[in-house]
Amino acid sequence: MGTIVVIGGGELIELETLEIDREVVQLTQKAKPKALFIPTASSDAPGYCDTFSKVYGDILGCETSHLLLVSQTYTQDEITDLITAADLIYVGGGNTRKMLEIWKNTGVDTLLKEAYSSGTVLAGLSAGSICWFEYGHSDSEAFDDQGEWQYIKLAAMGILPGIHCPHYNEDIRVEDFTRMVKGGGLPGIAVDNNCAIIYKDNEYKVMSTREVAKAYRVIDSEQGVVVTEIEEHPNYRPLYELYGAL
């Protein structure tokens, strides 16, 4: 088991998740950790890279680097070296489906699983939170038969159990995630913007930077889909409590 910080959303550039980001850094237990940013989902947006370097480098004191799989070409050894050298790896938001396809084609998905097993702290928001679960509630280029945009159930890496919905407090995600969980046979984990769940070995903890930002357990039952707030505690709790009696 390892450590993954699942952030529901928030503007990194506006420092909306700064206390969560500070916790990500502290989880490495290093004085000046090496922090690798993977912005594949945003097509390696330069501004996003600059923001990460400012927050995790200038403010939080990390030695930052970037893995730019869309805009640059690497050898397999170079990709491996960047990932294995990192104390923490942060995955940015954007197009989740495109990101996962690129990761599969470059072997990055396998390397991230190995990094998790070796103790590297993994983190991310939006696409960078969906990717760690079995499935995600995603808005990546999805259209129905009538050409209308829709959310899709997207297969992800499967390190964490269940199906995950970031940005849970935006638009129609509450209703649509309920639809997706119903009859699906998987527990749902939903996280608002400015909130995170830290998965650490066999325990978890909820953190938020706004009082209204919450995390939720969304479970299909004989009584229908039940949504329960996952309470924020100062200490870690056993992981089985997060998913309840399934």
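The values are calculated or read from the model by the stated rules, or taken from the named source; none is laboratory data. It should be emphasised that the depicted structure is a prediction, and the values quoted were computed from it without experimental measurement. Note: ideal-geometry Cβ built from the backbone for every residue, glycine included; neighbour counts use all protein chains shown. Protein only, heavy atoms only, side chains kept; ligands, DNA and RNA dropped before computing areas. Shrake-Rupley method; radii C 1.70, N 1.55, O 1.52, S 1.80 Å.
Taking the conditions (1) within 18 Å of the chain's Cα centre (by Cα); (2) within 30 Å of residue 110 (Cβ to Cβ); (3) at pLDDT 95 or above in turn, residue 181 satisfies each one other than (1). Per the listing 139, 109, 201, 144, the residue uniquely of a type outside the set (S, T, N, Q) and either at pLDDT 95 or above or under 12 Å from the mean Cα position of the chain (by Cα) (or both) is 109. Is at least one residue of the stretch 107-125 surrounded by 19 or more Cβ atoms within 10 Å (Cβ to Cβ), among the polar types (S, T, N, Q) and not in a helix (DSSP H, G or I)? Scanning the stretch 107-125, I find at least one residue that is surrounded by 19 or more Cβ atoms within 10 Å (Cβ to Cβ), among the polar types (S, T, N, Q) and not in a helix (DSSP H, G or I), so the answer is yes.
Of the residues making up the stretch 203-215, those that are over 13 Å from residue 230 (Cα atoms) and in contact with a strand residue (DSSP E or B) (Cβ under 7 Å, 6 or more places away or on another chain) number 1. Whenever a residue of the stretch 196-209 is under 13 Å from residue 3 (Cα atoms) and among the aromatic types (Phe, Trp, Tyr), its partners that are in a strand (DSSP E or B) and open to solvent by 30 Å² or more (accessible area, probe 1.4 Å), lying with C-beta atoms within less than 7 angstrom and at least six residues away or across chains, give the pairs 204/237. The set of residues in the stretch 66-79 being of a type outside the set (D, E, K, R) and open to solvent by 40 Å² or more (accessible area, probe 1.4 Å) consists of 66, 70, 71, 72, 73, 74, 75, 76. Candidates are the residues of the stretch 22-59 that are among the acidic types (Asp, Glu) and either touching a Ser or Thr at 6+ places or on another chain (Cβ under 8 Å) or in contact (Cβ under 8 Å) with a residue 60 or more places away in the chain (or both); the one that is nearest to residue 201 (Cα to Cα) is 23.
All of 163, 159 fail the test of being within 14 Å of the chain's Cα centre (by Cα), surrounded by fewer than 21 Cβ atoms within 10 Å (Cβ to Cβ), modelled with pLDDT of 95 or more and not acidic (Asp, Glu), apart from 159. For first residues located in the stretch 108-123 and farther than 10 Å from residue 80 by Cα, partners that are assigned to a strand (DSSP E or B) and of a type in the set (Gly, Ala, Ser) and lie 6+ apart or on another chain with Cβ distances below 6 Å do not occur. Quick check: anything in the stretch 33-42 modelled with pLDDT of 95 or more, under 20 Å from residue 132 (Cβ atoms), of a type in the set (Val, Ile, Thr) and surrounded by 14 or more Cβ atoms within 10 Å (Cβ to Cβ)? Yes: the stretch 33-42 contains one or more residues that are modelled with pLDDT of 95 or more, under 20 Å from residue 132 (Cβ atoms), of a type in the set (Val, Ile, Thr) and surrounded by 14 or more Cβ atoms within 10 Å (Cβ to Cβ). The number of residues in the stretch 189-246 being open to solvent by 30 Å² or more (accessible area, probe 1.4 Å), closer than 21 Å to residue 23 by Cα and part of a loop (DSSP other than H, G, I, E, B) comes to 13. Within the stretch 166-178, being assigned to a loop (DSSP other than H, G, I, E, B) and modelled with pLDDT of 95 or more holds for 166, 167, 168, 169.
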